[in-house]
Amino acid sequence: MNAPADLSADLNLQATARALPKVLLHEHLDGGLRVATLLQLLKQRGLNAPEPDETRLAAWFSANAHAGSLEKYLEGFALTVAAMASPAAMRRVAIEAAQDAHQEGAVLAEFRIAPLLFEAHGVSGEAAVEALLQGLQDSPLPLLKQSGLIVCAMRHLPPSETERAATLALKYRDQGVVGFDLAGPENGFPAGAHKAALQRVLDGGLALTLHAGEADSAERVLEAGRLGARRIGHGVRLVDALNDPAKQDLVAEAQALGLHLEVCPTSNVHTGAARSIASHPITALWQAGVSLSYHTDNRLMSCISHPQEAAELLRHTPLTARDLLAMAQHAARHSFLHEAQRQLALQAIDKAARQGLGFAPN
Ligand SMILES: [Zn+2]
């Protein structure tokens, strides 16, 4: 073993991961708080934290992430939603999320959240959306120039709740809400149950991304596409269709629909959707020509940053920096921001690639 050489190679890999320009399409604001911010917000609201200081609270999230249990993983969200339940806290969380993305090389970022979750804590959906939009506007990635907000509905709740979330999203369509999503547990809660609300969102001029094919089957990815989604949150079970001759039409149909997969490798390992980064479906799907990119999903719960996500892929898969750069280009083209912003993001990616990585993009 040549440890110093290995160390040097890994430092180079980490530097490349940091330098890569990034497009962030899939990050939940209530899963992305800084640990210090979460502690402060809990204290301000008079709520108990499971651990009293930053180091131990970070370790608590790490232990839950590695518990191999979706329930453990989701425990953190009850905490973050309660901590964020004031307009001032939400504005702060949105600003900091965009600051972190910007520092990590994001040239464009879309953040998502389910605003109606805050009603249980006395904050209306309107107040939540307005505070989050204000936060993004006041950030280094100002609203609609380099950032936008996706409103989520929860798929395990009745369709009437999705209708309310749709109405809320459409109300802020021209003010920074750029898309609509269905989040929450997938098994047993097909997106088709919410078809009427999803169609209203599309008719109202908002784009659709749906969580699908994370815990359920490849067919769910296509179901989401047929419902009008042009991006799929995760979508990794599409890999099953690659290996099953009876299902190979699904991959061709996904490509014909122009679907783009927002893949979140570390989150998938933590929730059991993938066994490891090395065996993660992202490699096979990319090599099969599926349009996709890599994202953080919940950086607090998964204890991950966007550069760390890139480093993990470079370290454990055959994917190269050139592949990750091409993924950022795919992501920029599939952003829900306006065409002018997508083009600016693509130009920024090209420029950063020429300056920072020592090779020209394809
Ligand atoms: Zn997600």
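Things worth noting here:
- Looking across region 75-106, just one residue is modelled with pLDDT under 95, under 30 Å from LEU20 (Cβ atoms) and hydrophobic (A, V, I, L, M, F, W, C), and that is PHE77.
- Considering residues of region 16-42 that are within 16 Å of the ligand (Cβ to nearest atom) and in a helix (DSSP H, G or I) only, the residue farthest from HIS295 (Cα to Cα): ASP30
- Taking (1) away from the ligand (no atom under 16 Å from the Cβ); (2) polar (S, T, N, Q); (3) under 22 Å from VAL263 (Cα atoms) in turn, GLN175 satisfies each apart from (3).
- For region 80-99, the set of residues classified as polar (S, T, N, Q) and in contact with a Gly (Cβ under 8 Å, 6 or more places away or on another chain) consists of THR80 only.
- Applying a threshold of 8 Å to beta carbon distances and a minimum spacing of six or more residues, or different chains, the list of pairs starting in region 167-191 at a residue that is aromatic (Phe, Trp, Tyr) and ending at one that is surrounded by fewer than 20 Cβ atoms within 10 Å (Cβ to Cβ) and modelled with pLDDT under 95 reads PHE189/HIS156.
- All positions within region 229-256 that are part of a helix (DSSP H, G or I), over 21 Å from GLN308 (Cα atoms) and within 15 Å of the ligand (Cβ to nearest atom): ARG237
- Boolean, GLY205 is in contact (Cβ under 8 Å) with a residue 24 or more places away in the chain, more than 16 Å from the ligand (Cβ to nearest atom) and surrounded by fewer than 17 Cβ atoms within 10 Å (Cβ to Cβ): yes
- Residues within region 257-277 that are at pLDDT below 95 and more than 15 Å from the ligand (Cβ to nearest atom), tallied: 1
- If you go through region 263-288 and keep only what is part of a loop (DSSP other than H, G, I, E, B) and touching a residue at least 24 places away in the same chain (Cβ under 8 Å), you end up with CYS264, GLY272, ALA273, ALA274, SER276, ILE277, ALA278, HIS280, ALA288.
- Any hit, region 87-105, residues being in a loop (DSSP other than H, G, I, E, B) and under 30 Å from ALA321 (Cα atoms): yes
The values are calculated or read from the model by the stated rules, or taken from the named source; none is laboratory data. From a predicted model like this one, the values you see are computed outputs, not experimental measurements. Cβ: placed from backbone, ideal geometry, glycine included. Neighbour counts: every protein chain shown.
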